[in-house]
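The values are calculated or read from the model by the stated rules, or taken from the named source; none is laboratory data. Worth saying up front: this structure is predicted, and the values here are computed from it rather than measured. In this analysis, Cβ positions are derived from the backbone assuming ideal geometry, glycine residues included, and neighbour counts consider all displayed protein chains. These accessible areas exclude ligands, DNA and RNA; they are computed on the full protein's heavy atoms, side chains included. Shrake-Rupley method; radii C 1.70, N 1.55, O 1.52, S 1.80 Å.
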Amino acid sequence: MLDRNRRIKEHPQRFQDYVGQFDVIITLEERVYDQIMEDFNTRESETMEAVHVINLDIQDNHEEATIGAFVVCELSKKLEGSDDLDNDIDELLQDFEERSKRRIIHSVHFY
């Protein structure tokens, strides 16, 4: 897994160091989700722009990572296809959770 990561990443990335904004953040490990929650809880809200933070637990092995990539891609397409994500996301995530048989954690924070 480390060799693969070295080929696709220049260096480790930290969400806390990024200065831009996202509409949706998807994490693949609950520990990372918790770190992002902690970061948002310590930040001052400035623009009050909503961000949806979603976690899907994906085990860190080749097989699960490959399957997880397809799962995340499918979820991303569903979210991107929404005309009103803020109103549709609960239903989209619930339907996706039932079909994929994967537990999803979701919260909304504000920049």
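The set of residues in region 76-85 being in contact (Cβ under 8 Å) with a residue 12 or more places away in the chain and within 16 Å of V51 (Cα to Cα) consists of S76, L79, L85.
When the residues of region 94-111 are filtered to those that are basic (K, R) and closer than 13 Å to L28 by Cβ, which remaining residue is most open to solvent (accessible area, probe 1.4 Å)? I'd like the intermediate steps shown before the answer.
Here is the first cut: in region 94-111, the residues basic (K, R) are 99, 101-103.
Narrowing further to those that are closer than 13 Å to L28 by Cβ: 102-103.
Numbers: R102: 43, R103: 142 Å².
Among those residues, the one meeting the criterion is R103.
Consider region 10-56. How many of its residues are on the phi > 0 side of the Ramachandran plot and touching a Gly at 6+ places or on another chain (Cβ under 7 Å)? Don't jump to the end; show me each part of the working.
We begin by selecting, within region 10-56, every residue on the phi > 0 side of the Ramachandran plot; these are 48.
Of the ones still in play, those that are also touching a Gly at 6+ places or on another chain (Cβ under 7 Å) are none.
Total meeting the criteria: 0.
Every residue, every condition in (1) of a type in the set (S, T, N, Q); (2) under 22 Å from I36 (Cβ atoms); (3) at pLDDT 95 or above, yes or no:
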{"residue": "N61", "(1), (2), (3)": "yes, no, no"}
{"residue": "T66", "(1), (2), (3)": "yes, no, no"}
{"residue": "L75", "(1), (2), (3)": "no, yes, yes"}
{"residue": "E80", "(1), (2), (3)": "no, yes, yes"}
{"residue": "L92", "(1), (2), (3)": "no, yes, yes"}
{"residue": "I105", "(1), (2), (3)": "no, yes, yes"}
{"residue": "Y111", "(1), (2), (3)": "no, yes, no"}
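If only residues of region 1-48 that are out of contact with any helix residue (DSSP H, G or I) (no Cβ under 9 Å at 6 or more places or on another chain), closer than 23 Å to S76 by Cβ and among the hydroxyl-bearing types (S, T, Y) are counted, the one that is most open to solvent (accessible area, probe 1.4 Å) is Y18.
Residues in region 49-88 that are polar (S, T, N, Q), within 22 Å of R99 (Cβ to Cβ) and not in a helix (DSSP H, G or I) were compared, and the one that is least open to solvent (accessible area, probe 1.4 Å) is N55.
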